[in-house]
Amino acid sequence: MKLQQLKYIWEVAHHDLNVSATAQVLYTSQPGISKQIRLLEDELGIEIFARSGKHLTRVTPAGESVLKVAGEILRKVDAIKQIAQEFSNDRQGSLSIATTHTQARYALPHVIDGFIHEYPDVALHMHQGTPVQIAELAADGTVDLAIATEGMEHFSDLVMMPCYRWNRSIVVPKDHPLTRKGTLTLEDVAAFPIVTYVFGFTGRSKLDEAFVNKGLAPKVVFTAADADVIKTYVRLGLGVGILAHMAIDPELDRDLVSLDASHLFEASVTRIGIRKGTFIRGFTYQFIERFAPHLTKALVEQAMTATNRHDVEELFQSIPLPTY
C-alpha cells in the first residue's frame, strides 16, 4: 500500500468519480490512476469503487470505510508537512478559508487586506458555499478555517469558536410605507412580501423562529445566498429585504433605507470552525485574532484541547463578544 494510492482514491472520490478530471488536477495520466486503484483493490481484496464497464459508478460500502481512514492518513501527512514548514519558514505557506458571501464581501476584506500586508508570502484561498458545504470542507480537511453562522453545529469533528454577534436590518426603497412607521413590529414586516436569505444561510433560522413564535406566516417571495442579489430585487420592488446589518453599504446603498430590526430577531453568532487535531500554523493564529481579537492563541489552544463541545461553549461563556 502506498500513500500515492490513497491520494488517488481520495481525489477520485472527491471529483465525482471522474478519473480523467482527477488526472488533470494531479498532473498525471488517467491509465496510471486507474492502474494504481486496481493494484490497491487487489492488495486489499475488496472493491473500493463499483464499476459499469470502464466507468466508476459509486463508492462501495467497503470503499466508504477505506476512504474515511485514507482521509485521516492524508491529513496526518499534511500536518507533518505543515509542522516542517512552520519550523523552516514560519512566514510562508498557504491558508484556505471557506465562508459565505456575506462574510467574504462584508466582514473579511479589511482582515484579509491587513493579513496579506503582514504575510505577503502566505497564499490565501477562499471557498464560498452554503454553511453545510463550508462545514464539510473544514471537516474533511480541504480548508483550514470555516467561517459561518449556520450549519457547523452538525459536524462533530469541528471545534467552533464564537467570533461576534450580529443582527438584521429591514431594507426597503426610500418611498416604502415601512419608512413612515415608528418602531417596527413583526406584524408590520409580515404585511409585505419578503426577500431574504435561502434557508440555512446567515442566521436565517433565527428569522424564521421569530415569525413562528408570533404565529405569523410571512410571504417569502424570493430567496438568495448573496446579499447583493437580495438588494437588487428589493430595488425592483419585489419585496421587503431582511439582511444582515453588516451587508448594508452606506455608500453603495444610498438609494435604499435601512431600518433597524435588532428588536425583532434574536442575535446570531458567527463562528470559526477548525477540525479537531489540526496543526495550526502561527500565521493562522494571527489571522484568527485579526478577525476576532478575543480569540488569542492561548484561548484557541484551550478550545482545541477541550474534550467536547460543551467544554468549548463553557470556555467562551464569560467572554463578551463584539456586536455588529
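To the nearest 10 square angstrom, what accessible area does TYR119 show with a 1.4 Å probe?
Accessible area, nearest 10 Å²: 20 Å².
Given H placed 1.01 Å from N in the peptide plane, which residues other than close sequence neighbours of THR60 have an amide H under 5 Å from its amide H?
The answer is PHE49, ALA50.
Using θ = phi - 60° and the Karplus form 6.51 cos²θ - 1.76 cosθ + 1.60, what ³J(HN,Hα) does each residue of segment 104-112 get, whole Hz, x for Gly and Pro?
Per-residue couplings from phi come out as 5, 7, 10, 9, 9, x, 5, 5, 5 Hz.
Going toward the positive end of the dipole of segment 1-126, with +1 on Lys and Arg Cβ and -1 on Asp and Glu Cβ, which of ALA79, SER65, ALA98 do you reach last?
The Cα lying farthest towards the positive end belongs to SER65.
Between VAL240 and residues 5 or more places away or on another chain, which pairs have amide H atoms under 5 Å apart, with H built 1.01 Å from N, and which residues are they?
ILE194, VAL195
Using a 1.4 angstrom probe on the protein heavy atoms only, could you order SER268, SER88, SER205 from most to least accessible area? Could you put the intermediate results ahead of the total?
On the way: SER268 5, SER88 95, SER205 30 Å².
So the residues, ranked largest to smallest area, are SER88, SER205, SER268.
Karplus couplings for segment 113-120 from phi (6.51 cos²θ - 1.76 cosθ + 1.60, θ = phi - 60°), rounded to Hz, Gly and Pro as x?
4, x, 5, 5, 5, 7, 10, x
Would you work out the charge dipole size for segment 47-170 about its Cα centre, treating the Cβ of every Lys and Arg as +1 and the Cβ of every Asp and Glu as -1, and quote it to the nearest 20 debye? Please list the in-between numbers first.
Details: 11 positive and 15 negative charges, 77 e Å.
Its charge dipole is roughly 380 debye.
For a 26 Å ceiling on Cα separation, which of these pairs sit above it: LYS174/LYS214; LYS68/LYS276; LYS76/LYS206; LYS7/LYS81; LYS54/LYS76? The partial results should precede the final answer.
Numbers: LYS174/LYS214 28 Å; LYS68/LYS276 15 Å; LYS76/LYS206 38 Å; LYS7/LYS81 15 Å; LYS54/LYS76 32 Å.
From the list (LYS174/LYS214; LYS68/LYS276; LYS76/LYS206; LYS7/LYS81; LYS54/LYS76), the Cα-Cα distance tops 26 Å for LYS174/LYS214; LYS76/LYS206; LYS54/LYS76.
First measure r as the distance between the Cβ atoms of GLN317 and VAL69, then evaluate 1/(1 + (r/R0)^6) with R0 = 35 Å and state the FRET efficiency to the nearest 0.05. Before the final figure, lay out the partial values.
On the way: r = 36 Å, r/R0 = 1.03.
Efficiency computed from Cβ-Cβ geometry: 0.45.
For every helix of n ≥ 4 consecutive DSSP H residues, a contribution of -39,500 (n - 2.57) applies; sum these over the chain, divide by its total residues, and give [θ] at 222 nm rounded to the nearest 500 deg cm²/dmol.
Numbers: 12 runs with 131 residues, N = 324.
Value at 222 nm, helices only: -12000 deg cm²/dmol.
Mind putting a number on the dipole of the chain about its Cα centre? Charges go on the C-beta only, +1 for Lys and Arg and -1 for Asp and Glu, and I need it in Debye to the nearest 20. Let's see the in-between values first.
On the way: 32 positive and 38 negative charges, 85 e Å.
For the chain, the charge dipole is close to 400 debye.
To check you understand DSSP bridge types, tell me what percent of the beta bridges within the chain (both residues inside) are antiparallel, rounded to 5.
Details: 24 of 41 bridges.
Among the beta bridges of the chain, antiparallel pairing accounts for roughly 60 percent.
Compute the distance in nm between two label points, each set 7 Å from the Cα along the Cα-to-Cβ direction, one at LYS35 and one at TYR233.
Spacing of the two 7 Å Cα→Cβ label points: 5.3 nm.
Which length gain, in nm to one decimal place, applies between TYR285 and LYS54 when the Cα-Cα distance is subtracted from 0.36 nm times their residue separation? Display every interim value, and only then the final one.
Working: separation 231, 0.36 × 231 = 83.16 nm, distance 4.61 nm.
Between TYR285 and LYS54, full extension yields an extra 78.5 nm.
On a full-extension model of 0.36 nm per residue, what is the gain between ASP208 and THR28, subtracting their alpha-carbon distance, rounded to one decimal in nm?
59.9 nm
Relative to 2.2 N^0.38 Å, what does the C-alpha radius of gyration of the chain come to as a ratio? Two decimals please.
Numbers: Rg = 23.1 Å, N = 324, 2.2 N^0.38 = 19.8 Å.
Ratio of Rg to 2.2 N^0.38 Å for the chain: 1.17.
Report, to the nearest whole %, how much of the accessible area of segment 48-188 belongs to carbon and sulfur atoms, 1.4 Å probe, protein only.
Result for segment 48-188: 53 percent of the exposed heavy-atom area is carbon or sulfur.
Ignoring ligands, DNA and RNA, what accessible area per residue does the chain give at 1.4 Å, in Å²?
On the way: 16240 Å² over 324 residues.
That works out to 50 Å² for each residue.
Roughly how many Å is it from the Cα centre of segment 26-101 to that of segment 225-273, as a whole number?
That distance is 40 Å.
For the residue pair VAL221 and LYS76, what label-to-label distance in nm results when each label sits 7 Å from Cα along the Cα-to-beta-carbon direction?
Result: 5.7 nm between the two label points.
Please find the FRET efficiency linking MET1 to ALA84, where r is the Cβ-Cβ separation and R0 is fixed at 22 Å, and quote it to the nearest 0.05. It would help to have the intermediate numbers written out before the result.
Details: r = 23 Å, r/R0 = 1.05.
Computed FRET efficiency for MET1 and ALA84 comes out at 0.40.
Translational diffusion coefficient, Stokes-Einstein: compute it for segment 165-230 using the Kirkwood radius over C-alpha pairs as Rh, at 20 °C and 1.002 mPa s, and state it as an integer in µm² s⁻¹.
Values: Rh = 12.8 Å.
Diffusion coefficient, whole number: 167 µm²/s.
I want to check the label-to-label distance for ALA306 and ALA62. Put each point 7 Å from Cα in the C-beta direction and report it in nm to one decimal.
4.1
The values are calculated or read from the model by the stated rules, or taken from the named source; none is laboratory data. In this text, all values refer to a predicted model and were calculated from it rather than measured experimentally. FYI the Cβ positions are ideal-geometry reconstructions off the backbone, even for glycines, and counts take in every protein chain you see. Areas reflect the complete protein model, heavy atoms only, side chains present, ligands, DNA and RNA absent. Shrake-Rupley method; radii C 1.70, N 1.55, O 1.52, S 1.80 Å.
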